[in-house]
Amino acid sequence: MFESLSERLEGAFKNLKGEAKITELNIAATVKEIRRALVDADVNYKIAKEFTDKVKDIALGTKVINAVSPGQLMTKIVKDELANLMGGTESSFNITGNPAVILIAGLQGSGKTTFSGKLANYLKSKGKSPLLVAADIYRPAAIDQLMVLGGQVGVEVYSERENKNAVEIAQNAIKEARAKNKNVVIIDTAGRLAVDEVMMTEVANIKSAVNPHEILFVVDSMTGQDAVNTAKAFNERLDFSGVVLTKLDGDTRGGAALSIKYTVEKPIKFVSSGEKLDTLDVFYPERMAQRILG
Ligand code: GDP
């Protein structure tokens, strides 16, 4: 992802070639092109405009020293501001409870269940002892899928096929974790094809009942501005603690990665890029900015 954005931004900086310093006049075309590139990467216009206004202010207020060309200076400013837009520095991930409870929420198809398996694998590799919980009371296939993933990563899966009360399942799972000395409980909740009241109420009820240490909202990065709107709706109801962006290996333009933090004021904590269970990465804004403008 980001190939097209990278190319466009680098193209924009070429406008400054041959200039000795940055002026209001010679920066205008560059700023305009940066804004267009962001909008084409599926960043909302208002965010793109605010971003470029800030870049412009910083650029005009920075002295170009001899060793650095205006193009190089702009690259550095844009890279730093992209990192800031995506959250600045790495965010924390709280797994200090015993057990630590992590609630996973998101739309069906977003990659929730796959992420739950990847997270269990990741935590296991960090020496934790996770328990996966299948709290989808609508789709038996979702339980089967989590069972398969759990089997692949060697992590036990808790489920109650006959129980139609997701809150109870979550509570029982935590008791089970205590009894079996598991120190992290990962609750994979049901997803719907669109945001709906029943789903939101159910996840909100689980949240109140189990008081999770982390609530992760999982979203498909390929859905662009829809991803951002869905994040808004989930955050209003759940006040989640972080975002997981999935399918970064796909044909995503990057808009969700660039604008989710700005919109919901919650950090992206993990990115997932592939169906293999070891393709989960902690999200580092600076590294992502570096990937865009290497
Ligand atoms: P859920 O309905 O939210 O639990 O979503 P799933 O975990 O079942 O994922 C939906 C589909 O997306 C499945 O076919 C997954 O294999 C696939 N998937 C999940 N994460 C990724 C990812 O990071 N990259 C790719 N390419 N596919 C993914």
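The values are calculated or read from the model by the stated rules, or taken from the named source; none is laboratory data. No experiment lies behind these values; they were computed from the predicted model shown. Here Cβ is always computed from backbone atoms with ideal geometry, including for glycine, and neighbour counts include all displayed protein chains. Calculation scope for accessible area: heavy atoms of the full protein, side chains included, ligands and nucleic acids excluded. Shrake-Rupley method; radii C 1.70, N 1.55, O 1.52, S 1.80 Å.
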Mean Kyte-Doolittle of at least -0.5 plus a Cα span of 18 Å or more along the axis: flag which DSSP H helices in the chain meet both, please.
24-40, 45-60, 70-85, 140-153, 166-179, 197-210
When the Debye formula is applied to the Cα atoms of the range 1-103, each taken as the same point scatterer, what base-10 log of I(q)/I(0) results at q = 0.10 Å⁻¹?
-0.35
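Placing unit charges on C-beta atoms (Lys and Arg positive, Asp and Glu negative, everything else neutral), compute the dipole magnitude of the chain about its Cα centre in debye, rounded to 20.
Magnitude of the dipole: close to 620 debye.
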Placing one identical point scatterer on every Cα of the range 36-96 and ignoring solvent, what is log10 I(q)/I(0) from the Debye formula at q = 0.17 Å⁻¹?
-0.68
Give me the percent of the accessible area of the range 131-270 that comes from carbon and sulfur atoms, probe 1.4 Å, all protein chains in place.
47 percent
Rounded to the nearest 10 Å², the accessible area of residue 56 using a 1.4 Å probe with every protein chain kept is 60 Å²
Residues of type aspartates and glutamates that residue 76 reaches as a straight line, Cα spacing below 12 Å, ignoring anything fewer than 8 places off in the same chain:
10, 286
Three semi-axes of the equivalent ellipsoid, the range 1-49, Cα gyration tensor, whole Å, largest first:
21, 13, 5
Can you sort 276, 247 by solvent-accessible area, 1.4 Å probe, largest first?
276, 247
By a straight-distance test (C-alpha under 30 Å), which lysines pair with residue 164 as possible cross-link partners, with residues fewer than eight away in the same chain excluded?
112, 118, 124, 128, 175, 180, 182, 207, 232
The range 115-253: relative contact order from alpha carbon pairs under 8 Å, six or more residues apart, as a whole percent, is 23 percent
Bridge type composition, the chain - antiparallel percent by DSSP, nearest 5
10 percent
Taking only Cα atoms of the chain, the Rg to Rh ratio with Kirkwood Rh works out at 1.06
Multiply the residue separation of residue 108 and residue 251 by 0.36 nm, subtract the distance between their alpha-carbon atoms, and state the gained length in nm to one decimal.
49.5 nm
